[in-house]
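Inspection log for the structure reproduced underneath, given as structure tokens.
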Amino acid sequence: MLVPIVSNKHQDFSYPRKVIVAGSTGSIGKSTLEIIKNNPEKFELFAISAHSNLALLEQQIVEHSPKYAVVTDAGAQNQFKSKHTEILSGMQELCSLCTEGIVDTVVAGIVGIAGLTPVLAALKANKRVALANKESLVAGGVLVREIIESGSGEIIPVDSEHSAIFQCLQGENVENLKSIILTASGGPFLGKSLDELGSVTSEMAIAHPNWSMGAKISVDSATMMNKALEVIEARWLYNLPEEQIEVLIHPESIVHSLVNFYDGSQIAQLSVPDMKGAIAYALSYPNGRLREVVTELSLARIGSLNFESVDHQRFPALGLARRCLKAGAATSAVFNIANELAVDAFLKGTIGFLDIVPVVEEALTICDVQEYRTLDELLALNEDVRTVLKERLFRKE
Ligand code: NAD
Ligand code: MG
């Protein structure tokens, strides 16, 4: 039975809503700040946080005057001077801001497993989390669901596919749902032969044809690991068995995903590919859509939309995600951390593009891990896997 992580447990949705943007200097973070700036009567920026691009953080402090700004590195804390914004450092400080009574929504825009701790802190404090950070759910899905099912914290998805499904399910009886269909652009190399893929560089992998995104997710899109992570993300968000999560290639990235009902109907959500649409939907839900968030879609101008089924030979990553879902949750955590390490190694030039998925597959075989029950156990599992993989797969580093 589908039990979404999102429910109307909160009673007070009144504006203005106080927002924390974790990962404000990233692609999701910047889009979120733009929406908040354009809707000052609805949203107040309480805090922002960043790990990298601190020059941009400084600009954001000047432009948006949040009450707090958090840098991960304590050494960098003193380089900022601001009359209106208090500068803090470290993940612990970000987590405690996420639990402040005054905060309504935390936008999870940090990339990778590093984003899990603030997500859990916010959910435990019964906040609404607008979740872009899919790695949190892939690695820590069990912990996230446990907290949500026992409290009033909730997640509104920001990942465009999961937002599309959330939007398509509004007003529907979930018992009529046969499956969900996640669309995948196929990334920048959809038409390339396996031979051509062998010589792909990090610059080529980062240049996505439709979406403008951070480096890691761009590489994930090119390897189809992004869709693999999203299949696991959907499992935890919507509590669906793996067989009810389908994937469809759609190179134009206009149809963001579909839901498939037992009566033979499907409902899809369409827009130009711009993450501001999904972010604004999550920020404003359930108060109604904001105005003029993204450029209006003109299907007449686009003319035709294409769809094809996934070629599993070319994109073995999806098979790995399904293997993870059939195994325990710890296998997904290994899958996630192995992919983070592999992408990092590819971006540094240590491994080739076509090595990424095999390295992750090998990691699933060599890392025999115990199921985790707590955040500490999950973080320890991550460290163990990191050590084993660095030793066995990334020795050249
Ligand atoms: P990005 O690389 O552009 O930005 C990441 C942000 O996280 C930056 O502010 C960075 O300083 C911060 N950060 C990085 N490492 C950190 C650490 N160790 N501790 C604290 N902060 C850290 O990434 P992005 O493209 O904005 O993606 C963010 C998340 O959203 C990812 O999980 C991604 O999969 C997901 N997502 C992104 C898009 C997109 O269009 N960019 C779409 C869907 C989902
Ligand atoms: Mg997505």
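The values are calculated or read from the model by the stated rules, or taken from the named source; none is laboratory data. Fair warning: this is a prediction, and the values are worked out from it, not measured in the lab. With ideal geometry, Cβ positions are generated from the backbone for all residues, glycine too; neighbour counts draw on all protein chains shown.
I need the helices (runs of 4 or more DSSP H) fully contained in segment 303-377, keeping only those with at least 1 residues that are of a type in the set (V, I, T) and touching a Phe, Trp or Tyr at 6+ places or on another chain (Cβ under 8 Å).
Numbers: elements: 317-326, 329-347, 356-366.
Because the criterion is at least 1 residues that are of a type in the set (V, I, T) and touching a Phe, Trp or Tyr at 6+ places or on another chain (Cβ under 8 Å), the helices (runs of 4 or more DSSP H) in segment 303-377 that meet it are 356-366.
Of these, E175, E203, which one is charged (D, E, K, R), away from ligand 2 (no atom under 14 Å from the Cβ), surrounded by fewer than 24 Cβ atoms within 10 Å (Cβ to Cβ) and in contact (Cβ under 8 Å) with a residue 40 or more places away in the chain?
E175
Here are some conditions: (1) within 17 Å of the chain's Cα centre (by Cα); (2) over 30 Å from N53 (Cβ atoms). I180 meets all but one. Which one does it not meet?
Of everything listed in (1) within 17 Å of the chain's Cα centre (by Cα); (2) over 30 Å from N53 (Cβ atoms), I180 misses just condition (1).
It is to be established whether one or more residues within segment 188-198 are under 25 Å from G112 (Cβ atoms) and either at pLDDT 90 or above or within 16 Å of ligand 1 (Cβ to nearest atom) (or both).
If we filter segment 188-198 for residues that are under 25 Å from G112 (Cβ atoms), which is where we start, we get 188-189, 197.
Then keep just the ones that are either at pLDDT 90 or above or within 16 Å of ligand 1 (Cβ to nearest atom) (or both); that gives 188.
Yes, the conditions are met somewhere in segment 188-198.
Take L137 and decide whether it is within 16 Å of ligand 1 (Cβ to nearest atom), surrounded by 16 or more Cβ atoms within 10 Å (Cβ to Cβ) and farther than 28 Å from L379 by Cβ.
Numbers: within 16 Å of ligand 1 (Cβ to nearest atom): yes; surrounded by 16 or more Cβ atoms within 10 Å (Cβ to Cβ): yes; farther than 28 Å from L379 by Cβ: no.
No, not satisfied.
Show the residue pairs meeting these rules: Cβ distance below 6 Å; 6+ apart or different chains; first residue within segment 220-243 and under 18 Å from I351 (Cα atoms); second residue away from ligand 2 (no atom under 12 Å from the Cβ) and of a type in the set (S, T, N, Q).
Close Cβ pairs (under 6 Å, with a partner that is away from ligand 2 (no atom under 12 Å from the Cβ) and of a type in the set (S, T, N, Q)) amount to M225/N339.
Run V231 past the list (1) under 13 Å from the mean Cα position of the chain (by Cα); (2) more than 15 Å from ligand 2 (Cβ to nearest atom); (3) of a type in the set (V, I, T) and report the number of the one that doesn't hold.
Exception for V231: condition (2).
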